[in-house]
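Beneath this line is the structure, given in structure tokens, with notes to follow.
Nothing in this text is a laboratory measurement; each read-out follows from the coordinates by a stated rule. The structure displayed is predicted, hence computed values, not measured ones. Heads up, the Cβs are rebuilt from the backbone with ideal geometry, glycines too, and the neighbour counts pull from every protein chain shown.
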Amino acid sequence: MELDIVRVETDERGVATVTINRPEKHNAFNETLVGELQDAFGRLARNPVVRAVVLTGAGKSFSAGADLNWMQEMANYSMTVNLEDAGLLAEMLYTLDSMPQPTVAKINGGAYGGAVGLIAACDIAIAQDDATFGITEVRLGLIPSVISPYVLRAIGPRQARRYALTAERFDAAEALRIGLVHRVERKKTIDAAVEDIIDRLLAGAPGAQEEVKSLFRDIWEMDRTGTAVRAETAQRIANRRSSEEAKEGITAFLSKRKPNWRGQ
């Protein structure tokens, strides 16, 4: 069993740092990690001492997205189990998005698939200049369903369609251009950049900041991340996980061969 796969540290200012701690797996999601992130975000959201939350990854990657061994297992489970599992991921992202405190993604290294959803669900995103990104699900026969409300809001439907359809990787400069991140910094300056943002956030009234977040969520077409959307996106990814394309895509990736839709 993996221990401490989510680390939470809160300093004397009330700034909490949540670190995804599976560096040997490039911080890929599995069922345990999703559950621990949900628990961490929920506890921090309810803590009146916490003024801001920084989300980052241990080691060389922010997060590689879903652990493919986990996805391969889920493809063989029943629709009921898949739907329940997808719903937990949807709830975790919603909990992050709806936290009353400002949230900052500090992005080191690669951020793919579901990790793009984590970034998009944060209020502010700061990336190292060597970070890389990708909405890569279609390469595995999957779709970016559960993350779609947050990605669409962050970069708009035009950019989201392009990068979700091609699954191409893009760099930090492109992430800045399309609005996925707000600042790009060198490795030696990113800590200072995050501190600069934190200082500005701590200068704001916490009650007003909570209301700003609530206001903008409510005004942004009102129901994009509501219960119906969460249920629909969870249903769609559950359907895809058990599809023949998903089984083929994940198996091909783990076998280091081309999937059958790419030809010979």
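For the chain, the ratio of Cα radius of gyration to the globular rule of thumb 2.2 N^0.38 Å stands at 0.97. The angle separating the long axis of helix 227-241 from the principal Cα axis of greatest extent in the chain is about 40 degrees. Computed on segment 134-194, the Cα convex hull volume stands at 94 Å³ per residue.
To make sure I understand, if each residue's beta carbon is the centre and we count other beta carbons within 10 Å, what order do S145, S214 fall in, fewest to most? Mind showing how you got there, number by number?
Values: S145 22, S214 12.
Ordered from fewest to most neighbouring Cβ atoms within 10 Å, S145, S214 come out as S214, S145.
Going 7 Å from the Cα of A203 toward and past its Cβ, which residues in segment 1-34 have a backbone nitrogen under 19 Å from where you end up? Once the point is set 7 Å along Cα→Cβ of A203, 13-15 turn out to lie under 19 Å by backbone N, inside segment 1-34. In the chain, Cα pairs under 8 Å separated by at least six residues give a relative contact order of 20 percent. Lysine pair count for the chain with Cα-Cα distance under 24 Å and sequence separation of 8 or more or different chains is 15. The share of Cα pairs per 10 Å bin across segment 116-263, counted from zero up to the longest distance, runs 10, 31, 32, 20, 6, 1 percent. Hey, if you drop one equal point scatterer on each alpha-carbon of segment 34-128 and run the Debye formula without solvent, what base-10 log of I(q)/I(0) do you get at q = 0.16, 0.18, 0.25 Å⁻¹? These q points yield log10 I(q)/I(0) values of -0.70, -0.86, -1.33.
When the Cα positions of G249, V212, T227 are compared along the charge dipole of segment 173-264, G249 comes out farthest toward the positive end, with charges on each C-beta of Lys, Arg, Asp and Glu. Relative to one another, the C-alpha centroids of segment 128-171 and segment 205-219 are positioned 27 Å apart. Beta-bridge orientation, the chain: approximately 25 percent antiparallel, per DSSP, counting only bridges with both partners inside. With all pairs of different alpha carbon atoms counted, what Kirkwood hydrodynamic radius in Å does segment 1-77 show? About 13.2 Å for segment 1-77.
When the chain is treated as a GNM with alpha-carbon contacts under 10 Å, the residue of F133, F170, F29 showing the greatest mean-square fluctuation is F170.
Can you check how the C-alpha radius of gyration of segment 92-167 compares to 2.2 N^0.38 Å, as a plain ratio? It would help to have the intermediate numbers written out before the result.
Details: Rg = 12.1 Å, N = 76, 2.2 N^0.38 = 11.4 Å.
In units of the 2.2 N^0.38 Å rule of thumb, it is 1.06.
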